[in-house]
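Single-structure report; data block below.
The values are calculated or read from the model by the stated rules, or taken from the named source; none is laboratory data. These numbers were taken from a predicted model, which means no experiment stands behind them. Ideal geometry is used to build each Cβ from the backbone, glycine not excepted, and the neighbour counts take in all protein chains shown. Just so you know, the surface numbers come from the protein's heavy atoms only, side chains and all, with ligands and any DNA or RNA stripped out. Shrake-Rupley method; radii C 1.70, N 1.55, O 1.52, S 1.80 Å.
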Amino acid sequence: MLAKEKIEVEQWYSQPIRELDRSFKTNLASGLTSAQVKQRQEQYGANQLKGKPGKSPIIKFLAQFNQPLLYILLIAGVVKAFLGEWVNAWVIWAVTLINAIIGFVQEAKAENAIAALASAVQTETTVRRNGEKVRVDSTELVPGDLVLLTSGDKVPADLRLIEVKSLQVNESALTGESLAVEKNAQTLEADTPLAERSNMAYAGSYVTFGRGTGIVVAIGNATETGRISQLMEERTNLTTPLTRKFDKFSRTLLYVILGVAAFTFAVGLGYGNSWVAMFEAAVALTVSAIPEGLPAVVTITLAIGVSRMARRHAIIRKLPAVETLGSATVICSDKTGTLTENQMTVREIYAGGERYTVSGTGYAPEGEIIVAGSDLATSTGLSNHHLKHKAVLLECLRAGLLCNDSHIEVKQGEWMVIGDPTEGALIAAANKVGFTQEELSKALPRLDVIPFESEYQYMATLHETPDITSVAEAERTIYIKGSLEAILSRSGQMLDVEGNPQPLQSKVISDEADRLAAQGLRVLALAKKPVSATHNSLHHQDIETELVFLGLQGIIDPPRQEAIKAVRACQSAGIEVKMITGDHAVTAKAIASQMGLQHQGEVLAFTGRELTQMNQLELTNAVTDGAVFARVAPEQKLRLVEALQDTGKVVAMTGDGVNDAPALKQADIGIAMGKGGTEVAKEAADMILTDDNFASIEAAVEEGRTVYRNLLKAIAFILPVNGGESMTIVISVLLARALPILSLQVLWLNMINSLAMTVPLAFEPRSPRVMQQLPRPANEPLLDRPLLIRILIISLFNWLLIFGVFEWINTTTGNINLARTMAIQALVAGRIFYLLSISQLGTALFGTIRGRTVKITDAPAIWVGIFGTIILQLIFSQWSLMNSLFSTAPLNLEQWLICLAIGLSIIPVAVLVNRFDPLD
């Protein structure tokens, strides 16, 4: 028996079959014995994926408090509790609790990807044990088991194939290859890439055609799917640019607050003040400097972004992901089903020496067949009259429809193929000229078939063909489809446009096939052979010679038209789009060219094999210049994402398959497809597109950038108040003056007033310039130089306003409570006008925002915030209960007007800062 470790790393695809039975001690005729199965189940365990134990919910919840900004709030709450102000302490602690709960709920499902992977591979399977065929649960498989595969089966473990019969397997979820892969039992080279291991069948893939037998070489976590789950476990959830910046900002703010508070306490003691008075001043300074409302505003702004994105078909699973898209510099997109339709489509036909273009996408019978060179915008396709003179075209389409084992049908409003996608494309093309499978099958019933076999590279069907003008005069016809080489070598004639026989032009046909292949199209050749009415069965020798060549059909999984527009929009916004796929390089390059993914005028493509041979410097150059990365394995997708991140890029990764999951988790933001995506990809992602539309990413980028701009507006609004309050307290201590504002009043301003006026900024509409700007550099600080200058200037203004009004009223009236109240009300009046100046509503008052007319009704939340603030401030100063609680005094009309007039003085200051730091 082999060691467990060896089974996990052995390259079984490079070993001859005769060595497998010795390696696994398996009888290739009768399979394992019951005793061997029992022994190996004890040694290797169940065939299922096992994830590492997760953290307990309590630990996950407590981890939500591990944020510097929350440290500050917790400290503020402790200080208030120490002062005996329990109500205020509980209010502050409630803010931290709400933040923790929101974070815990948003990330509670983040570790479910392993469970989704496990469900993706559990199934029943047929094995040969003790010389008999038996059905067992896939979890009971052991290394060495002989598994029998047939069409429709899900592969239950990694198998080394030892016998195949026309076996085709769909591995798109694992490799990204959109077509079913033909399998064989031949020994391969040791360096064969995952997507080209034709003698292997991997767990979680599906058999679409044929049958085969394979020996289990890996189970559970040792399978390729299991290796993906381990790669995902090794990935840590990277912090996003927003969380990184807030962490740095919060730590810096924490140190500054504690440093200034200590300095104030020491200076006050040096002036001979009592330590109790200076401790009170230090506490007031600490409370004034802490932006208690900021975490709540950040959470609310992100939550609003989540809601807006949901309306635009993007579901956010983690709050910081809302902003991350706004700073993305690279989008790495899977090809199949993301940039493309994931529906094979006939794009071009060559028949009778003429080229035809086929419109429409997918399997719906919508579209037209147009002579190449016609104007697609004005042509209505070939009319019935013209089709009569295109007999060879009709015969080529008829051959594709009849020599076919698949069918298409409508499921939940969408046309789907039941069977092979390539055959579905042939059916859809024939439907576009009015042919239907049901009618043709009745008119030309099938008598026999030779299924497709990789050895022969063709499929053939024998049909009863009555003497009708559109079919050859013979009573029976063999229709054949297959590779160009297989069909052309057996053909002796071809048909002209009207269906008349003529000599075969092999060179011309080969050149046409090369032209189609260069466009990334999969080329199928079609032919027929009239036979006598006594011909009742089909044999390979029947079609060795004398075929009549009908034409070529070029098939591709076409790009989504809306995705092409979305790619262009992202590029105009300074975001690179790169294709990472398991498909062939030629096909990927063709799709990339249609989507405009050129770099310096060309589409530079690299294969997985080339990436394997690169050192780190070569890989860095490749990810910088390359637009297409084809035939890549899951770990290579991871490596590409990491290489881009190492160059300072903020990476968004889109995908829908199992093979995309590790890279989705590693990326700064992972984007999964909601309809066509696997559960594994969805659980690994930060965001899910509900319409599977790449175009929705552009909308998400807009919202992400808008969220960030609104957050900056919130910071630009909140911090100057904290700055002005802190300056007021520090200078009052230095000048040995009475405090113009008390700690409880500070808390009112920082919590109640700030929230009422800042939350409306989260509802600010998108700026027309949002997609005309380059992405923010990942290393750009949260507070850049212009924003810092803005905050400093407005803070100085707020200090002058608070200190000046307090000293003036206190000196003239001797009423310290009235002085403090008027200072606060004048500050709030100024904040209202400052709020208008940084909102789009304020600009609307002057007509337009950079060429776009903005109505006053465009931002109703701002008006609600202003109205709510006025009501709150009336209660703050006019209600006797608030007077006693906050040490305020009621104002008369004259005093209110004085506060309003003083607040107006911020307008020229706001105009000045908006010139060098526009926030739109």
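Can you name the residue in the stretch 720-742 that is of a type in the set (S, T, N, Q) and crowded, with 24+ Cβ neighbours inside 10 Å and is also nearest to ALA823 (Cα to Cα) among such residues? Reasoning before the result, please.
Let us first name the residues in the stretch 720-742 that are of a type in the set (S, T, N, Q), namely 722, 726, 728, 732.
Now narrow it down to the ones that are crowded, with 24+ Cβ neighbours inside 10 Å: 722, 726, 728.
Working: ASN722: 15, SER726: 14, THR728: 11 Å.
Among those that are of a type in the set (S, T, N, Q) and crowded, with 24+ Cβ neighbours inside 10 Å, it is THR728.
Quick check: is even one residue across the stretch 301-309 surrounded by fewer than 22 Cβ atoms within 10 Å (Cβ to Cβ), without any contact (Cβ under 8 Å) to a residue 40 or more places away in the chain and over 30 Å from PHE249 (Cα atoms)?
no
When you scan the stretch 80-93, how many residues do you find that are at pLDDT below 70 and part of a helix (DSSP H, G or I)?
5
Just for the stretch 648-666: of the residues that are closer than 15 Å to ILE575 by Cβ and modelled with pLDDT of 85 or more, which one is farthest from the chain's Cα centre (by Cα)?
The qualifying residue farthest from the chain's Cα centre (by Cα) is GLY648.
Which one is least open to solvent (accessible area, probe 1.4 Å), of the residues in the stretch 566-590 that are out of contact with any Cys (no Cβ under 6 Å at 6 or more places or on another chain) and among the basic types (Lys, Arg)?
Restricting to residues being out of contact with any Cys (no Cβ under 6 Å at 6 or more places or on another chain) and among the basic types (Lys, Arg), the top hit is LYS589.
Would you be able to tell me the number of residues in the stretch 759-783 that are open to solvent by 50 Å² or more (accessible area, probe 1.4 Å) and not in a loop (DSSP other than H, G, I, E, B)?
1
Select from the stretch 591-621 the residues that are touching a helix residue (DSSP H, G or I) at 6+ places or on another chain (Cβ under 7 Å) and under 15 Å from THR647 (Cβ atoms) and write down the one among them that is surrounded by the most Cβ atoms within 10 Å (Cβ to Cβ).
LEU619
Could you count how many residues in the stretch 890-905 are surrounded by 18 or more Cβ atoms within 10 Å (Cβ to Cβ) and either small (Gly, Ala, Ser) or without any contact (Cβ under 8 Å) to a residue 12 or more places away in the chain (or both)?
Residues flagged as surrounded by 18 or more Cβ atoms within 10 Å (Cβ to Cβ) and either small (Gly, Ala, Ser) or without any contact (Cβ under 8 Å) to a residue 12 or more places away in the chain (or both) within the stretch 890-905 amount to 1.
Would you confirm, using the coordinates I've provided, whether ALA714 is surrounded by 24 or more Cβ atoms within 10 Å (Cβ to Cβ), within 23 Å of the chain's Cα centre (by Cα) and at pLDDT 85 or above?
On the way: surrounded by 24 or more Cβ atoms within 10 Å (Cβ to Cβ): yes; within 23 Å of the chain's Cα centre (by Cα): no; at pLDDT 85 or above: yes.
So ALA714 does not fit the description; no.
Let's see how each residue does on (1) of a type in the set (Val, Ile, Thr); (2) open to solvent by less than 10 Å² (accessible area, probe 1.4 Å); (3) free of Cβ contacts under 8 Å to residues at least 60 places away in the same chain:
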{"site": "ARG785", "(1), (2), (3)": "no, no, yes"}
{"site": "TRP799", "(1), (2), (3)": "no, no, no"}
{"site": "GLY804", "(1), (2), (3)": "no, no, yes"}
{"site": "TYR834", "(1), (2), (3)": "no, yes, no"}
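Would you mind stating whether THR175 is touching a strand residue (DSSP E or B) at 6+ places or on another chain (Cβ under 9 Å), among the polar types (S, T, N, Q) and crowded, with 23+ Cβ neighbours inside 10 Å?
yes
Report those strands (runs of 3 or more DSSP E) wholly inside the stretch 417-525 carrying at least 1 residues which are open to solvent by 30 Å² or more (accessible area, probe 1.4 Å) and touching a Lys or Arg at 6+ places or on another chain (Cβ under 8 Å).
So the answer is 446-453, 458-464.
Which residue out of ALA643, ALA633, ALA684 is touching a helix residue (DSSP H, G or I) at 6+ places or on another chain (Cβ under 9 Å), over 24 Å from HIS584 (Cα atoms) and small (Gly, Ala, Ser)?
Exactly one residue qualifies, and that residue is ALA684.
Taking only pairs six or more apart or across chains, which ones have beta-carbon atoms under 6 Å, a first residue in the stretch 722-738 that is within 17 Å of LEU269 (Cβ to Cβ) and modelled with pLDDT under 85, and a second residue that is among the β-branched types (Val, Ile, Thr) and part of a helix (DSSP H, G or I)?
Partner pairs satisfying both residue conditions: VAL730/THR264; VAL733/THR264.
How about the stretch 743-752: which of its residues are under 39 Å from the mean Cα position of the chain (by Cα) and open to solvent by less than 20 Å² (accessible area, probe 1.4 Å)?
Once the filter is applied, which keeps residues that are under 39 Å from the mean Cα position of the chain (by Cα) and open to solvent by less than 20 Å² (accessible area, probe 1.4 Å), the stretch 743-752 yields ASN750, MET751.
Quick one: which residue in LEU792, LEU755, LEU818 is open to solvent by 30 Å² or more (accessible area, probe 1.4 Å), over 30 Å from MET309 (Cβ atoms), part of a helix (DSSP H, G or I) and in contact (Cβ under 8 Å) with a residue 24 or more places away in the chain?
On the way: LEU755 fails: over 30 Å from MET309 (Cβ atoms); LEU818 fails: open to solvent by 30 Å² or more (accessible area, probe 1.4 Å).
So the residue among LEU792, LEU755, LEU818 that is open to solvent by 30 Å² or more (accessible area, probe 1.4 Å), over 30 Å from MET309 (Cβ atoms), part of a helix (DSSP H, G or I) and in contact (Cβ under 8 Å) with a residue 24 or more places away in the chain is LEU792.
Taking the stretch 345-373 only, how many residues are in a strand (DSSP E or B), touching a Gly at 6+ places or on another chain (Cβ under 7 Å) and among the aromatic types (Phe, Trp, Tyr)?
Counting residues in the stretch 345-373 that are in a strand (DSSP E or B), touching a Gly at 6+ places or on another chain (Cβ under 7 Å) and among the aromatic types (Phe, Trp, Tyr) gives 1.
Evaluate the stretch 624-641: report whether one residue or more is in contact (Cβ under 8 Å) with a residue 12 or more places away in the chain, surrounded by 20 or more Cβ atoms within 10 Å (Cβ to Cβ), touching a Gly at 6+ places or on another chain (Cβ under 6 Å) and not in a loop (DSSP other than H, G, I, E, B).
Yes, that holds for at least one residue.
Test of understanding: among VAL155, VAL147, VAL164, which residue is open to solvent by 10 Å² or more (accessible area, probe 1.4 Å), touching a strand residue (DSSP E or B) at 6+ places or on another chain (Cβ under 6 Å), among the hydrophobic types (A, V, I, L, M, F, W, C) and farther than 19 Å from GLY608 by Cα?
Being open to solvent by 10 Å² or more (accessible area, probe 1.4 Å), touching a strand residue (DSSP E or B) at 6+ places or on another chain (Cβ under 6 Å), among the hydrophobic types (A, V, I, L, M, F, W, C) and farther than 19 Å from GLY608 by Cα holds for just one of VAL155, VAL147, VAL164, which is VAL164.
Go through the stretch 862-882 and report how many residues are β-branched (Val, Ile, Thr) and either in contact with a Cys (Cβ under 6 Å, 6 or more places away or on another chain) or surrounded by 15 or more Cβ atoms within 10 Å (Cβ to Cβ) (or both). Even if it seems obvious, please write down each step before you answer.
Quick first cut of the stretch 862-882, residues β-branched (Val, Ile, Thr) only: 862, 864, 866, 869-871, 875.
Add one more test, that the residue is either in contact with a Cys (Cβ under 6 Å, 6 or more places away or on another chain) or surrounded by 15 or more Cβ atoms within 10 Å (Cβ to Cβ) (or both), and what stays is 862, 866, 869.
Total meeting the criteria: 3.
Is it the case, given these coordinates, that LEU885 is modelled with pLDDT of 90 or more, more than 29 Å from THR706 (Cα to Cα) and surrounded by 13 or more Cβ atoms within 10 Å (Cβ to Cβ)? Break it down into steps so the answer makes sense when it comes.
Details: modelled with pLDDT of 90 or more: no; more than 29 Å from THR706 (Cα to Cα): yes; surrounded by 13 or more Cβ atoms within 10 Å (Cβ to Cβ): yes.
Taking the combined requirement at face value, the residue does not satisfy it.
Can GLU341 be described as touching a Phe, Trp or Tyr at 6+ places or on another chain (Cβ under 7 Å), acidic (Asp, Glu) and modelled with pLDDT under 90?
Criteria not met by GLU341.
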